[in-house]
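Just so it is clear, none of the values below were taken in a lab; they were calculated from the coordinates. This one's a predicted model, so the numbers in the text were calculated from it and none came from an experiment. As a convention, Cβ positions derive from the backbone with ideal geometry for all residues, glycine included, and neighbour counts pool all protein chains shown.
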Amino acid sequence: MLFQASALAQARFDPPPRALTSPALGRVAPVAIEIAPEELQRAPSAEAPGPELPQTLPEPQEPVASFWPLVKVECLEALLLAGVLSLALVLPAWALDVTPVRLWGGAWPFLLPYLLATAWILFMAPLVLTGQSPLMGRYGVTLAEESPERRMAFSLVHLVSVTLFPMSFLCMVLSPRHQTLAELLSGQELLARPVERLR
C-alpha cells in the first residue's frame with residue numbers, strides 16, 4: 001500500500017489536450033451575402049406575375065339533404081312499407097285459404113312479430129349494406145355513418161319514422177334544419193350524396 005501511494009505521489013498528470021471546439025448555437029459568425037443594388041431597386045412589376053390568391057377562402061360546408069327529397073323518400077317508403085306488409089299478410093292467408101281479416105283475428109300474436117321482422121328487414125338490410133334505404137338512392141340521400149351497428153340502430157328508428165310519416169313530416173316542417181323523426185331520435189344525419197366526378 002505504501003509503495004503504491006508513493007508511486008502515485010511521484011506520477012505526473014498532464015491535463016488532456018483541448019478537444020476541437022465548435023461555436024455554440026447562436027454564436028455562428030454571420031455570412032455576408034453580396035446583392036447588387038439593381039436587384040434591391042427592382043420594381044415588383046418586373047417580376048413574373050403569379051396566380052392571385054383569394055383573400056379569404058370559402059369555408060367548407062357539409063352537404064345537407066334538402067326538405068323535399070326527404071319528404072319524397074319518407075312518403076314513398078311509407079307506401080312501399082304498406083304494400084310489403086299487405087303482401088306479407090295476404091300470402092299466408094291465401095296459403096291457408098282464409099281471408100286476411102280472419103287470419104289476423106285468429107293468429108295476431110304470431111303475425112305481429114312476423115310483420116315487424118319483415119318491415120325491419122326491408123330497411124335494415126339496405127341501410128347496413130349501403131347506407132341507404134330502398135328509395136334513398138333514387139333521391140340522392142345517404143346516411144352519414146360508417147359503423148354497421150349505428151346503421152342498424154338507425155334502420156329501427158327510420159322504420160318508426162316511416163310508419164309515423166305524418167308526425168315525421170311535422171318534425172321536418174317545424175325543425176330549423178328540416179330533420180326527420182328518425183334524425184331527431186337517433187342524432188344522426190341524412191345528407192345529400194356527393195356527385196361522382198367524371199373521369
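Here are a few things to note about the model shown:
- Estimated FRET transfer efficiency (LEU129, LEU156; beta-carbon r; R0 22 Å; 0.05): 0.90
- Subtracting the Cα-Cα distance of LEU87 and LEU174 from their residue separation scaled by 0.36 nm leaves 27.9 nm.
- A full extension of the chain between THR163 and TYR114 corresponds to an added length of 16.0 nm, given 0.36 nm per residue minus the alpha carbon distance.
- Peptides 85-93, 108-116 ordered by packing proxy, namely the average of other Cβ atoms within 10 Å per residue, highest first: 85-93, 108-116.
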